[in-house]
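Q: There's a structure below that I have some questions on.
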């Protein structure tokens, strides 16, 4: 069932596209690979052996990672339909 000027299945295509884009973005943020550093790339402190073994390819220490995580803000969703409600906000 189409709504307005859209064709049948257009809403599902929009949802699928949104999910695909978000999955692609998350895959790009995967854990680092390669050899772990012994010293943090940001502050220069030693990275504990347990962290280097637990997270292969780690480049920053726990404190710097916690700062990054605290600064992260989730992106708002994309309204592909452009409804009047979304334009009024």
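The values are calculated or read from the model by the stated rules, or taken from the named source; none is laboratory data. Treat the numbers as computed from the prediction; the structure is a model and nothing was measured. Methodologically, a virtual Cβ is constructed for each residue, glycine included, from the backbone with ideal geometry; neighbour enumeration extends over all protein chains shown.
Q: All but one of (1) loosely packed, with under 10 Cβ neighbours inside 10 Å; (2) part of a loop (DSSP other than H, G, I, E, B); (3) at pLDDT below 85 hold for residue 26, so report the exception by its number.
A: Against the list (1) loosely packed, with under 10 Cβ neighbours inside 10 Å; (2) part of a loop (DSSP other than H, G, I, E, B); (3) at pLDDT below 85, residue 26 comes up short only on (2).
Q: Being surrounded by fewer than 11 Cβ atoms within 10 Å (Cβ to Cβ), at pLDDT 90 or above and in a loop (DSSP other than H, G, I, E, B) is the requirement here; does residue 44 meet it? Talk me through it step by step, then tell me what you get.
A: Numbers: surrounded by fewer than 11 Cβ atoms within 10 Å (Cβ to Cβ): yes; at pLDDT 90 or above: yes; in a loop (DSSP other than H, G, I, E, B): yes.
Here the answer is yes, as residue 44 does meet what is asked.
Q: Related question: Evaluate the following for residue 75: is it over 20 Å from the mean Cα position of the chain (by Cα), closer than 30 Å to residue 9 by Cα, assigned to a loop (DSSP other than H, G, I, E, B) and at pLDDT below 90?
A: The answer is no for residue 75.
Q: Spot the failing condition for residue 16; the list is (1) at pLDDT below 90; (2) part of a helix (DSSP H, G or I); (3) surrounded by 10 or more Cβ atoms within 10 Å (Cβ to Cβ), and only one is missed.
A: All conditions are met except number (1).
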